[in-house]
Every structure is written in structure tokens, then in C-alpha cells.
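Okay, so here's the structure we're looking at.
The values are calculated or read from the model by the stated rules, or taken from the named source; none is laboratory data. Remember, it's a predicted structure, so these values are computed and weren't measured experimentally. Quick reminder, even Gly has a Cβ in these numbers, built from the backbone with ideal geometry, and neighbours come from all protein chains shown.
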Amino acid sequence: MVAPVVVIGGGLAGAAAATRLARTGQAVTVIEREGGPHEKVCGEFLSVEACQDLTDLGLPPEHLGAVAIDRLRVLHGRHSVEAPLPFVARGLSRAILDEALLEAASQAGAEVLRGVRVTGLDGTRVLTSAGEHRAAHVMLATGKHDLRAMPRGAPATREGYVGFKMHWRLSPAALTALGSAIELVLFGQGYAGLQRVGAAEANLCLVVRRSHFADLGGTWEALLAHLLLEPGLASRLADAQPLLAKPLAIANLPYGHLYQPRSDNDAVWRLGDQAAMTASLSGDGMAVALRSATLAADLFARGASAAQFHRQLAAQVGPQVRRAMALQRMSERPLALRLGLRAARFWPALLTHGAQATRLPAYQTTKV
Ligand SMILES: Cc1cc2nc3c(=O)[nH]c(=O)nc-3n(C[C@H](O)[C@H](O)[C@H](O)COP(=O)(O)OP(=O)(O)OC[C@H]3O[C@@H](n4cnc5c(N)ncnc54)[C@H](O)[C@@H]3O)c2cc1C
């Protein structure tokens, strides 16, 4: 039997696309390798655009227990600069968010297969750990993980990035000091973000150059000890209890990736990180993933091709990706970082402007 649309990967992009497609009456199957709720490496900062998209889907993040984040505090050594965000963002655990999205897809009528791993793709033949699906259309939404048959970018290098995440129960004093801010600790070879994701729970997510991680000894313990040399972070994590059995880690992050269709006959629709991966520093990766889902469902319903979708997506998200990547690179240049922070101490609104400048523009309906 041929399944009309098969979505590979039931993360943000895959589950959101399946929900939207199913609501238009389209038969759709989502294949997700994880059998139940699971955490992912992510800062869990839901930008205003991501919140809007989720609300449009009928999942306002505040109804899922998300907490408000409305300030940005940048820490570097003994220096700290703070300013209001130009919007209210939210902090929410990915285990809760992704599960709610898959549930929405199922309620909309999508067939959701859990605990099934896609092992290969041959045209529109989808090979899985539980047999084969023949699809009329395939949407690839496996996030940062490439299917072997569908590689995305350049191989890993020593200068690539590694990401980590750990949830903590903070002390009451640290929770109060953190407040409703996202704290960005810039340590030169990467950065860490700390923010609340629940009443007493905070997420520490960080990105570090692979070479720096190796030089520090190549273990989470060594990396954390190094990070705790930053006084701001050390005071927040004093007396904190780790809430995950071990930190989550992911290597070879293809930052800056923007998929360009190879030909007009491209058969596969790439969604989320498979289509575009913006700098995490901008906190807009989830918004990009959700945008790809909205645009894909919209264009699919209007009979567009995968290549048309990819071109329109690149036009909508490309400028954000380029600006965010420029900011991320700047945060790693010692002189630019020092000058930027000095300027922000005199004029904190610079942070607010920086946050505004890396937003995704409003959704545009385009001609097919
Ligand atoms: C360190 C870091 C920090 C970040 N912080 C933020 C932030 O604070 N705010 C923000 O907006 N964005 C952030 N992002 C970006 C954000 O996490 C991603 O852009 C977003 O998760 C992409 O969604 P996706 O649906 O493409 O992929 P994912 O959410 O990763 O979903 C992919 C899904 O596919 C499944 N899958 C993979 N392979 C297979 C297979 N073979 N078979 C079946 N299923 C499969 C996986 O299990 C997963 O559920 C961050 C990213 C990193 C790396």
C-alpha cells in the first residue's frame, strides 16, 4: 500500500507539519524512533515567533506549563549587562513540548508510529526497523541527525561545535536571582544559556568548540568545572541538584546550514534542522523549525513541489540565519566581545536591539 505522506521524525517540525497536513484532510504517517517522552539538547527558549506558531496550532506554551522569560542578562567574567527583551518568550522542557505536538498530530488524524527507526530512504521507499513504507511524498524531519542515504553537509571537524544540556533544581536564592531572565554566559570558545523551564527547574544548555572541549579533557565534568570559573554561573549552580541522570550531548552541529534544492525534481521535503539550522545564540531554532512546518503544509496543500518549498523557505529564514551566525561568530572574537559588552554597559538597549535584530519575520503567504 502507498501511504500518501510519510514524515520521518516526530520532533517539532515533523509533528507540527503532520498536524497541519492532517487538519487539511491529508492522510499522513509520522515515524518517530523514540517510544515515549524524551529530552533533547536545546536551550528551551521559545521565542515570541515560536510561541505564536504554537498558539496558532492550538498549543499555547503557557497552557503546557511554560514560564515567562522577559529579560536578557549577559555574563562574561566579572561583568554583567542586563536589558529587557523586546518580547515575552517562554521556557519549557522539550520532553513536554514535543510530546504535546505528537499528541496534537495524532488527534488531528495523523498516524503516529512510535519506537520505529527509519533506517534508509530509497526514492520514496522508506525503510524502517519495523518494515517498509511506500510513500507518495516524503518529509524528512530528523533534526540534526542525518539519514545515511540523505547526508546534509560537510563532515565533522575539530573546529565544529558540541552541545550539552542539563536540567537543575536551583536553590531558592539562585532561582530568585535568575528571575525571569535568560542568562547568557559568553566564555570565548562557546556560550552557555541558563533559564527557568519550570517552577523550580532551570536548564543549562551550552555550545562549545570541539577543540576547546578536547583541550579541557573531553569530559562533562571537566567542562562544567571550567564553566564554574565564571563567577555568575558558579553562584547560580551553587547547591543546585542535577535532574537528569546524565547530561545530554550532541556533536557535529551544522550551524548555518541552509538547504538548497539540487534540482526541480527533488522528491524529499526537508523540514526543521534538515532545512535550516540557525545559531542557537538567537534562540530561534524552534521558530525556524515550526515555520518550515507551516510553510510546507501550506505549499503542499496548494500543489507546490519540494524545490519550490525549499526556495521559499530559504527566502523567509535565510536572512535570520545569516544575522544570527554573524552574532554567534562575533561572540567568539575576544576584542569584538569586549567592545560589544563595554558598549552594552553604557547602553543596555543594545542587547534589546540585538535580540530584536535576530527575529524571524512574520509568515508570508507566497504564490506557487
Ligand atoms: C545546543 C543547542 C541549543 C538550542 N537552543 C535553542 C533554544 O533555546 N531555542 C530555540 O528555539 N532553538 C534552540 N535550538 C534549536 C532547536 O533545538 C532545533 O532547531 C529544533 O529542535 C529543530 O527541530 P526539528 O524538528 O528539526 O528536530 P528535532 O526536534 O531534533 O526532532 C527530530 C526528531 O526526529 C527523530 N529522528 C531522528 N532520526 C530518526 C530516524 N532515523 N527515524 C525516526 N525518527 C528519527 C528524533 O528522535 C527527533 O524526535 C538549539 C539547538 C542546539 C543544538
**Asked** Looking at segment 187-218, which of the residues that are out of contact with any strand residue (DSSP E or B) (no Cβ under 7 Å at 6 or more places or on another chain) and touching a residue at least 60 places away in the same chain (Cβ under 8 Å) is farthest from the ligand (Cβ to nearest atom)?
**Response** 199
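For residue 258, indicate whether it is hydrophobic (A, V, I, L, M, F, W, C) and over 20 Å from the mean Cα position of the chain (by Cα). Let's see the steps before the verdict.
Numbers: hydrophobic (A, V, I, L, M, F, W, C): yes; over 20 Å from the mean Cα position of the chain (by Cα): no.
In short, no.
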**Asked** For segment 146-163, does any single residue satisfy the condition of being at pLDDT 95 or above, more than 22 Å from residue 44 (Cα to Cα) and not acidic (Asp, Glu)?
**Response** no
**Asked** Among the candidates 24, 19, which residue alone is hydroxyl-bearing (Ser, Thr, Tyr) and within 22 Å of the chain's Cα centre (by Cα)?
**Response** 19
**Message:** Can you confirm whether residue 71 is crowded, with 21+ Cβ neighbours inside 10 Å and within 27 Å of residue 243 (Cα to Cα)?
**Reply:** no
**Item:** Residue among 36, 120 that is within 10 Å of the ligand (Cβ to nearest atom) and farther than 30 Å from residue 177 by Cα
**Value:** 120
**Prompt:** Quick one: how many residues across segment 114-139 are surrounded by fewer than 17 Cβ atoms within 10 Å (Cβ to Cβ) and in a strand (DSSP E or B)?
**Reply:** 10
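In this structure, is residue 46 within 23 Å of residue 192 (Cβ to Cβ) and touching a helix residue (DSSP H, G or I) at 6+ places or on another chain (Cβ under 8 Å)?
Yes: the conditions hold for residue 46.
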**Prompt:** So is residue 270 over 26 Å from residue 138 (Cβ atoms), in contact with a strand residue (DSSP E or B) (Cβ under 8 Å, 6 or more places away or on another chain) and of a type in the set (Lys, Arg) or not?
**Reply:** no
**residue 184 vs. criteria under 24 Å from the mean Cα position of the chain (by Cα), touching a residue at least 12 places away in the same chain (Cβ under 8 Å) and not in a loop (DSSP other than H, G, I, E, B)** = yes
**Prompt:** What is the one condition in (1) buried (at least 24 other Cβ atoms within 10 Å of the Cβ); (2) out of contact with any Leu (no Cβ under 6 Å at 6 or more places or on another chain); (3) touching a residue at least 60 places away in the same chain (Cβ under 8 Å) that residue 300 does not satisfy?
**Reply:** (1)
**Item:** Flag for residue 11 being of a type outside the set (D, E, K, R) and either farther than 22 Å from residue 361 by Cα or near the ligand (Cβ under 9 Å from one of its atoms) (or both)
**Value:** yes
**Prompt:** Do we have any residue at all in segment 284-297 that's in a loop (DSSP other than H, G, I, E, B), modelled with pLDDT of 95 or more and surrounded by 13 or more Cβ atoms within 10 Å (Cβ to Cβ)?
**Reply:** yes
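Please enumerate the residues belonging to segment 277-321 that are β-branched (Val, Ile, Thr) and away from the ligand (no atom under 12 Å from the Cβ).
Across segment 277-321, the qualifying residue is only 294.
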**Complete:** The lone condition residue 18 fails out of (1) within 9 Å of the ligand (Cβ to nearest atom); (2) farther than 13 Å from residue 94 by Cβ; (3) crowded, with 24+ Cβ neighbours inside 10 Å is (1)
